[in-house]
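Quick notes on the structure that follows.
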Amino acid sequence: MTKTVGIIFDKDSIKDMDFYSRKNKFIHNEEHRLATLSNKKREELRQEARTRVREAIDDAVSQKEEQRLQDSIERRKFVLFAGKTKFPFDLFPNQVVIQVNKIIIKYHQFIKAEQIETYNISNFNKVIISRGPFTSMVRLVKESESGELLSELRIENLDGKDAGEMYTILYGMLMAKEEHVDLKKIDRNHLLSEIENLGRMQV
């Protein structure tokens with residue numbers, strides 16, 4: 001014989017069940033909300049950390065770029081040669097300065113009258129020295145493949161020693177260009193000696 005057992009809920013029991021159900025739902029919602037807030041906080045911390053790392057990287061890059069720019073400026077100002085044309089063959093001697101990849105000539109035409117011209121050495125492909133009994137001359141020229149003269153820079157009335165030094169440096173710089181040597185990457189303390197070593201290869 002099968003006996004059926006029934007469960008009878010009174011009103012108070014139903015109210016209690018409703019209360020616990022709402023309480024459990026509230027707790028669940030609160031836990032979910034707290035978990036969500038926690039996730040947001042973690043994301044905020046991650047974002048803050050990313051920002052700090054990015055700022056640190058940007059600062060490091062900025063300092064590196066600033067140093068590289070300063071090094072470039074100092075390197076460009078670095079004088080490889082400085083001399084003058086010879087008096088009395090030049091009544092108002094001109095000043096000649098060779099820096100990395102360029103040559104600067106300050107022409108003196110009269111007292112307190114001067115003209116400064118800058119030439120990019122990479123615009124030339126040949127340097128020639130001519131020696132005389134009293135003065136020497138250095139020529140920077142650009143020739144076509146067929147040997148046609150395209151442009152020329154003459155530096156005349158030089159002392160023989162200065163002319164030889166200029167030729168060595170200019171030839172070394174042209175050799176560096178031909179061999180694709182980046183002079184900017186050579187330590188400044190060794191730059192002149194490296195260029196002169198290249199220049200002496202054919203002197």
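Overview of values
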| item | result |
| --- | --- |
| Subset of the stretch 145-173 that is outside any helix (DSSP H, G or I), at pLDDT below 90 and small (Gly, Ala, Ser) - its residue that is nearest to Thr135 (Cα to Cα) | Gly147 |
| Residue check for Ala176: assigned to a helix (DSSP H, G or I) and in contact with a helix residue (DSSP H, G or I) (Cβ under 7 Å, 6 or more places away or on another chain) | yes |
| Filtered residues of the stretch 182-192 (kept if farther than 23 Å from Met137 by Cα and either at pLDDT 80 or above or in a helix (DSSP H, G or I) (or both)) | Leu183, Lys184, Lys185, Arg188, Asn189, His190, Leu191 |
| Cβ pairs under 6 Å, 6+ apart, first in the stretch 111-122 and in contact (Cβ under 8 Å) with a residue 24 or more places away in the chain, second not in a strand (DSSP E or B) | Ile121/Asn101; Ile121/Met173; Ser122/Lys177 |
| Matching residues in the stretch 92-130 - criterion: being loosely packed, with under 12 Cβ neighbours inside 10 Å and part of a loop (DSSP other than H, G, I, E, B) | Ile111, Lys112 |
| Test set (1) more than 25 Å from Asn94 (Cβ to Cβ); (2) part of a loop (DSSP other than H, G, I, E, B) - Pro133 fails condition number | (1) |
| Test: Tyr167 is within 22 Å of Lys84 (Cα to Cα), aromatic (Phe, Trp, Tyr) and out of contact with any helix residue (DSSP H, G or I) (no Cβ under 9 Å at 6 or more places or on another chain) | no |
| Residue list for the stretch 88-146, restricted to those being within 23 Å of Arg200 (Cα to Cα), of a type in the set (S, T, N, Q) and in contact with a Gly (Cβ under 8 Å, 6 or more places away or on another chain) | Thr135, Ser136 |
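This table checks each residue for (1) within 20 Å of Lys106 (Cβ to Cβ); (2) in contact (Cβ under 8 Å) with a residue 24 or more places away in the chain; (3) in the same structural domain as Val96 (by TED's automatic domain parsing).
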{"residue": "Asn157", "(1), (2), (3)": "yes, yes, yes"}
{"residue": "Thr168", "(1), (2), (3)": "no, yes, yes"}
{"residue": "Tyr171", "(1), (2), (3)": "no, yes, yes"}
{"residue": "Ala176", "(1), (2), (3)": "no, no, yes"}
{"residue": "Arg188", "(1), (2), (3)": "no, yes, yes"}
{"residue": "Glu194", "(1), (2), (3)": "no, no, yes"}
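The values are calculated or read from the model by the stated rules, or taken from the named source; none is laboratory data. Everything quoted here is computed from the prediction, not taken from an experiment. When we count neighbours, we look across all protein chains shown, and the Cβ atoms used for this are built from the backbone with ideal geometry, even at glycine.
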